[in-house]
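Have a look at the structure below before the remarks.
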Amino acid sequence: MRVIAVGTFFAFISLSRATRVLWDGRAPFNYTEADLDASDGPYLSVVKGTQNASHYVSFLGHSVAPTPLWAQPEQTILSTIDNTSIFTPGSSPPQTGFRRGEIIAQPYAGANRTIFDSEIETGISTFHFSIQSVKALPLNYTHEYQVVWIEPTDGTHVFDLQIGTPFNTTPSAASHDLKIRTHNRTVIFSTPFVPEQWHNFAVVVDWTRLTVRTFYSIGAGHLSAVSPTVANTGVTSGADGQGEFHFGILKLPLIDPSQPAAEQGDVVHFGIQEGDKEGLLYSGVFVEGAGTEI
Ligand SMILES: *[C@@H]1O[C@H](CO)[C@@H](O)[C@H](O)[C@H]1NC(C)=O
Ligand SMILES: *[C@@H]1O[C@H](CO)[C@@H](O)[C@H](O)[C@H]1NC(C)=O
Ligand SMILES: *[C@@H]1O[C@H](CO)[C@@H](O)[C@H](O)[C@H]1NC(C)=O
Ligand SMILES: *[C@@H]1O[C@H](CO)[C@@H](O)[C@H](O)[C@H]1NC(C)=O
Ligand SMILES: *[C@@H]1O[C@H](CO)[C@@H](O)[C@H](O)[C@H]1NC(C)=O
Ligand SMILES: *[C@@H]1O[C@H](CO)[C@@H](O)[C@H](O)[C@H]1NC(C)=O
């Protein structure tokens with residue numbers, strides 16, 4: 001990403017389109033729900049509940065316009081969760097505390113994602129994503145949601161986009177904000193999740209210097225730097241710090257005061273979920289190699 005800084009780091013910038021796309025998750029118009037069920041092409045669709053992936057994720061054709069930020073045609077993606085969205089990882093117990101349904105970036109069906117992740121997470125790379133709320137499928141801001149992140153095998157997040165009330169805290173005005181958090185959950189940018197608008201993010205990760213920086217805009221607005229470059233305290237350097245790029249809804253439970261203390265602390269397997277169907281729209285999801293110009 002080539003940025004033209006005018007003055008301070010909060011200055012308006014413009015983004016060159018002539019850059020290197022390392023992975024493109026902007027859904028082509030010929031991508032179907034059957035392709036998703038088969039984890040074809042750019043999406044691995046295994047993090048979900050008991051139903052087929054297409055029960056949870058829809059490609060909206062021309063019915064909902066994607067973010068106007070990018071010239072490239074794409075389908076908007078509707079990602080939903082419901083009470084069946086309980087993920088069972090491998091031979092581990094079902095994650096009954098969470099409701100989750102995510103798409104993981106992959107280059108093609110069956111690709112080695114360790115190799116792929118190392119290709120998109122070397123040097124400096126920029127993670128682009130745009131989200132919009134869905135009037136008919138609102139989130140419940142009493143809960144915590146994580147809706148975009150990079151997850152190394154230790155289960156931490158290199159960064160994430162969080163919405164709602166952090167687990168085991170009290171709802172506040174900030175519960176309605178979109179928040180970009182670093183590895184240790186420090187919020188480096190927050191903004192109200194205004195409805196009926198595309199919220200565009202670009203998170204620049206320097207995998208060598210171990211820093212992150214956030215760019216943001218609404219609608220067709222040019223991306224602007226909204227945070228300085230900050231040390232991503234606690235991340236692991238090298239292969240162990242690289243991980244899968246997820247987008248979709250992960251909804252944490254509320255603590256159930258009637259459960260024993262050990263269960264109250266086991267966010268993955270216990271707690272309160274109302275079981276409602278909820279959704280988010282995604283578009284403009286891709287990864288860009290930033291070169292050295294940032
Ligand atoms: C969509 O069309 C492109 C270009 O013709 C092709 O390369 C790609 O395989 C098609 N994708 C699907 C999922 O059919
Ligand atoms: C998933 O899709 C396949 C193929 O369309 C269908 O046979 C199967 O019944 C579906 N499974 C569920 C759980 O709906
Ligand atoms: C949601 O699913 C859980 C786990 O299967 C179940 O215990 C609960 O009764 C369900 N809630 C609703 C509202 O259906
Ligand atoms: C993927 O590639 C990594 C790194 O080269 C290798 O260690 C691993 O065995 C490969 N995984 C599979 C399933 O082939
Ligand atoms: C949101 O969750 C809280 C806590 O469980 C619940 O009391 C409330 O009814 C939920 N709101 C909606 C709109 O579902
Ligand atoms: C957490 O990370 C932030 C920025 O990533 C950093 O400024 C802060 O010092 C870190 N806090 C701790 C306790 O390491």
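Computed values, structure above
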quantity: 3J(HN,Hα) from dihedral phi, the range 204-209, Karplus parametrisation 6.51/-1.76/1.60, rounded to Hz, x for glycine, proline; calculated: 8, 10, 9, 6, 9, 7
quantity: Residue order, fewest to most surrounding Cβ atoms within 10 angstrom, among 237, 39, 45; calculated: 237, 39, 45
quantity: Nitroxide proxy distance, nm - points 7 Å out along Cα→Cβ at residue 209 and residue 187; calculated: 2.6 nm
quantity: Difference of contour (0.36 nm per residue) and Cα-Cα distance, residue 168 to residue 277; calculated: 37.0 nm
quantity: Gaussian network model of the chain, Cα within-10 Å springs - most flexible of 134, 212, 204; calculated: 134
quantity: Distance between the range 248-278 and the range 125-195 - C-alpha centres, whole angstrom; calculated: 17 Å
quantity: The range 20-289 - Rg (one decimal) and Dmax (whole number), Cα, Å; calculated: 17.5, 53
quantity: Contour minus Cα-Cα distance for residue 112 and residue 33 (0.36 nm per residue); calculated: 26.2 nm
quantity: Positive-pole candidate from 189, 210, 126, dipole of the range 102-233, charges at beta carbon; calculated: 189
quantity: Charge dipole (the chain, unit charges on Cβ, about Cα centre) - positive-most of 246, 66, 34; calculated: 66
quantity: Segment residue 266-residue 230, length gained on full extension (0.36 nm per residue, minus Cα span); calculated: 9.9 nm
quantity: Rounded to the nearest 20 debye, dipole of the chain from Cβ charges on Lys, Arg, Asp, Glu; calculated: 680 debye
quantity: Longest site-free stretch - the chain; sites: GluC sites (Glu not before Pro), DSSP loop, at most 13 other Cβ within 10 Å; calculated: 1-195
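All of the numbers you see were taken from the coordinates with simple rules; none came from a lab. These numbers were taken from a predicted model, which means no experiment stands behind them. Don't worry about glycine lacking a Cβ; one is built from the backbone with ideal geometry, like all the others, and counts go over all protein chains shown.
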